[in-house]
1. Using a simple spin-label model with points 7 Å from Cα along the Cα→Cβ vector, what separation in nm is obtained for PHE48 and THR206?
2. With a cut-off of at most 11 other beta carbons within 10 Å, and DSSP calling the residue loop, which chymotrypsin sites (Phe, Trp or Tyr not before Pro) in the range 36-75 qualify? Please list them.
3. What's the extension gain from LYS37 to GLU55 if we count 0.36 nm per residue and subtract their Cα-Cα distance?
4. Once you list every other residue whose beta carbon is under 10 Å from the beta carbon of THR155, what net charge do they have if Lys and Arg are +1 and Asp and Glu are -1?
5. Enumerate by residue number the trypsin sites (Lys or Arg not before Pro) in the range 97-199 meeting two conditions: DSSP loop (anything except H, G, I, E, B), and at most 12 other Cβ atoms within 10 Å of the site's Cβ.
6. What percentage of the solvent-accessible surface of the range 78-167, computed with a 1.4 Å probe over protein heavy atoms, is contributed by carbon and sulfur atoms?
7. Given LYS170/LYS196; LYS127/LYS196; LYS49/LYS170; LYS93/LYS170; LYS64/LYS147, which pairs have Cα atoms separated by over 23 Å?
Amino acid sequence: MNGHRLSIFRTLLVALCLVAAVAAPARSDDEASHIRKIENSEFDGIDFKGQSEFEIHDPDLLPKQLVRAIEQTYCRYKENLKTLPVRFLFIEKRRFVLVPCSGIAITWHEIFDLQNSRHPRLLQLAKMAPERGFVAADNAGFVTWNKDDQVFEATGGNDMCTGAVRHIYKIAPDARELPLIRVDYRLDNCGDGAWKTLWTAPPWPTREQLQ
C-alpha cells in the first residue's frame, strides 16, 4: 500500500512539474507577443492585438522608445516589475502606458500617451499645490484605471498612515492632457475611511450666462 501511495505521489509530482514548466513561461510569451523587437532600429512595434490592455513584467520586453522616455524622467521602474508591471491601456481610441516608479516608502505612476507610438509623451497632470491653486506635475500618485467610472484615480500618500489625497482625471477626446475633475481626501490612509470630496470642477458657464 505504501509503495502504491508513493507511486501515486511521484506521478502527481511529475504532473505538477510538467504543468509548472508549461505554465511558467506563458505570461512572458504572451507579453512578448505584444512587443515586436526590431533590430537596428530606434523603435519597437507595439501591438495591442485587439485587447483593451496588457501588462509587461520583464523590463527587457519593454519597447526601446518607451525605455528612453522613462529614463529621461529618472523613474526607478525595474525594481518591482515582477509584482507591479507596466500597464498598456487602450481607452476611447487613445493608448496610454502606466509606468510604476519606486521611491522610499512610496510608489507612484507616470502616465505616457502613446498617440505616437514612436515617441511616448509623458503627460503633465494638474495637481493640488501645497498652499493653494494647482500646479503641473509629472505624477500625482499611485494610478489606477476605474473602468466603471471611466476615470484615472491617482492616490498620493505614504505608508505612515498620515492621510492621502486622490486626484481624479477624465479623458477628454479633444484634449492632449487629462482634465482634473475632482480631488478627494481621507485622514487615515491605512484604514477603511471613506473618501471625502475636497474640490470638484464646476461646470463651465454657457454663452447665455456669460452675456
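The values are calculated or read from the model by the stated rules, or taken from the named source; none is laboratory data. These numbers were taken from a predicted model, which means no experiment stands behind them. Here Cβ is always computed from backbone atoms with ideal geometry, including for glycine, and neighbour counts include all displayed protein chains. Quick note on the areas: whole protein, heavy atoms, side chains included, nothing else; ligands and nucleic acids left out. Shrake-Rupley method; radii C 1.70, N 1.55, O 1.52, S 1.80 Å.
1. 3.5
2. On the way: sites: PHE43, PHE48, PHE54, TYR74; in loops: PHE43, PHE48, TYR74.
Qualifying residues, ordered by number: TYR74.
3. Values: separation 18, 0.36 × 18 = 6.48 nm, distance 1.63 nm.
The span from LYS37 to GLU55 would gain 4.9 nm if fully extended.
4. On the way: positive: ARG166, ARG186; negative: GLU153, ASP184.
The answer is 0.
5. ARG132, LYS147, ARG176
6. Heavy-atom surface of the range 78-167 belonging to carbon and sulfur, 1.4 Å probe: 51 percent.
7. Check vs 23 Å cut-off fails for LYS49/LYS170; LYS64/LYS147.
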